[in-house]
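Asks: Quick one: the structure is below, and I'll ask about it shortly.
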Amino acid sequence: MIDYESVLIKHKFKYKKAFGQNFIFDDDILDEIAREGGADNATVVEIGTGAGSLTRAIAARAKRVCSFEIDETLFPVLEETLADYDNVQLFSNDVTQIGIDTVDMLVGEPYIVIANLPYYITTPLIFLFLSSTECGSITCLVQKEVAERICAENGSDFGALSACVQSVGKPRIVRKVKSWEFYPQPDVDSALIRIDRRQDAVYSERLYDFIKLCFIQKRKTLVNNLSASGINKNDVTAALTELGFSASARAEELGAENIRLLGIKLGRVPDRPETPEERR
Ligand code: SAM
């Protein structure tokens, strides 16, 4: 067993709030994250190596781990904590800066993501990996409220974030994680979520744009939100009727699939995967 805190102190490591550094050292939780994420014999991408605690739990099960860490002051720590694993490759990159094509190229084969994500970039990171067909699933710790919004299928928690994620993946909450399980302790509780890429996933920037229009004012009806952006009111009403909804329906009543079908009926969303040229 590794005493991560002693290794961090030995290397005079200072936690940086700006990088969302809330580490986990409990071996049982770490192994559960790796197992639930499907690490066994897989190629795994981890975002945020930290002190290497989750990396070790993943590496014990995985074929290969590609782990990205932005904070170079952690590298002397990692040299020690990951010394006995030869299936881990460390990258000193900010994944949001290098972009998904470079990540895919560096990994070089289909992969899954398992991570205790830095909270300040949770949503962009999830969308970054949803945009790659190389990435089969994303298992990550996120703020509890964000997890609930991502997984909601309708109702008040269902919003643009839920609809966008669910258009590409099937999300579910694996378990809740209390704030005291992290060091330093964050102000909020977390949840472990797993998002599996749907077989019929149609990643589309145009769909995302349409979803945002549907929720532009969450309390307003779809007819009001969409007509405010220039879509003909009668067309929206007719499309809603065809889908079995009233003219006063709000986006949160429809769910992700009906929103996509509404967009297709209104000519705003493609009914097939976009080619790279069609993407903006
Ligand atoms: N995996 C470790 C664990 O579970 O203890 C650390 C998790 S901590 C919540 C998030 C880690 O992501 C930090 O080590 C932080 O420095 C790193 N990080 C923050 N922003 C990043 C980025 N844009 N690219 C790569 N790593 C980043």
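Asks: Just for the chain, what percent of DSSP beta bridges are antiparallel, to the closest 5?
Replies: That works out to approximately 50 percent antiparallel.
Asks: Let me ask something else about it. When the dipole is taken about the Cα centre of the range 40-180, and only Lys, Arg (+1) and Asp, Glu (-1) are charged at their Cβ, what size is it in debye, to the nearest 20?
Replies: In debye, rounded to 20, the range 40-180 gives about 700.
Asks: In deg cm²/dmol, rounded to 500, what helix-only [θ] at 222 nm does the chain give when every DSSP H run of at least 4 residues adds -39500 (n - 2.57) and the total is split over its residues?
Replies: Values: 13 runs with 111 residues, N = 280.
After summing the helix terms and dividing by the residues of the chain, the value is -11000 deg cm²/dmol.
Asks: Expressed as a whole percentage, what fraction of the accessible surface of the range 77-151 belongs to carbon and sulfur atoms when a 1.4 Å probe is rolled over the protein heavy atoms?
Replies: Details: 1510 of 3100 Å².
The computed percentage sits at 49.
Asks: Run the accessible area of the range 158-232 with a 1.4 Å probe and give the carbon-and-sulfur part as a rounded percent.
Replies: 45 percent
Asks: Hey, another quick one. With every protein chain kept in place and ligands, DNA and RNA left out, what is the accessible area per residue of the chain? Probe 1.4 Å, answer in Å².
Replies: For the chain, the solvent-accessible area averages 47 Å² per residue.
Asks: Let me ask something additional. Once you have the alpha carbon radius of gyration of the range 75-154, what is it after dividing by 2.2 N^0.38 Å, with N set to its residue count? Don't skip to the end; give the middle numbers.
Replies: Working: Rg = 14.5 Å, N = 80, 2.2 N^0.38 = 11.6 Å.
Dividing the Cα Rg of the range 75-154 by 2.2 N^0.38 Å gives 1.24.
Asks: Accessible area, 1.4 Å probe, largest first: how do Met105, Met1 sort?
Replies: Descending order: Met1, Met105.
Asks: With all protein chains present, calculate the accessible area of Lys16 using a 1.4 Å probe and round the result to the nearest 10 Å².
Replies: The accessible area of Lys16 comes to roughly 60 Å².
Asks: Given charges of +1 on the Cβ of Lys and Arg and -1 on the Cβ of Asp and Glu, with all other atoms neutral, how large is the dipole of the chain about its Cα centre, in debye to the nearest 20?
Replies: Value, rounded to 20: 1100 debye.
Asks: Average projected area of the Cα convex hull of the range 171-280, in nm²?
Replies: The directionally averaged projection comes out at 9.7 nm².
Asks: Which of the helices in the chain meet the span-like rule: DSSP H, Cα axial reach of 24 Å or more, Kyte-Doolittle mean at least 0.5? Present the calculation step by step, with values, prior to reporting the outcome.
Replies: Values: long enough: none.
For the chain, where a helix must reach 24 Å along its axis and average at least 0.5, there are no hits.
Asks: What net charge is computed for the residues neighbouring Thr43, neighbours being all others with C-beta under 13 Å from the C-beta of Thr43, Lys and Arg scored +1, Asp and Glu -1?
Replies: -2
Asks: Please compute the alpha carbon radius of gyration of the chain, then divide it by the globular-protein estimate 2.2 N^0.38 Å. Two decimals is fine.
Replies: Scaled against compact globular proteins, the figure is 1.10.
Asks: Ok, one more. Quick query: amide H of Thr139 versus all other amide H atoms, modeled in the peptide plane; which residues come in under 5 Å with a sequence gap of 5 or more or a different chain?
Replies: Val113, Ile114, Ala115, Ile195
The values are calculated or read from the model by the stated rules, or taken from the named source; none is laboratory data. What you see is a predicted model; the values in this text were computed from it and never measured. Here Cβ is always computed from backbone atoms with ideal geometry, including for glycine, and neighbour counts include all displayed protein chains. For accessibility, only protein heavy atoms count, side chains too; no ligands or nucleic acids. Shrake-Rupley method; radii C 1.70, N 1.55, O 1.52, S 1.80 Å.
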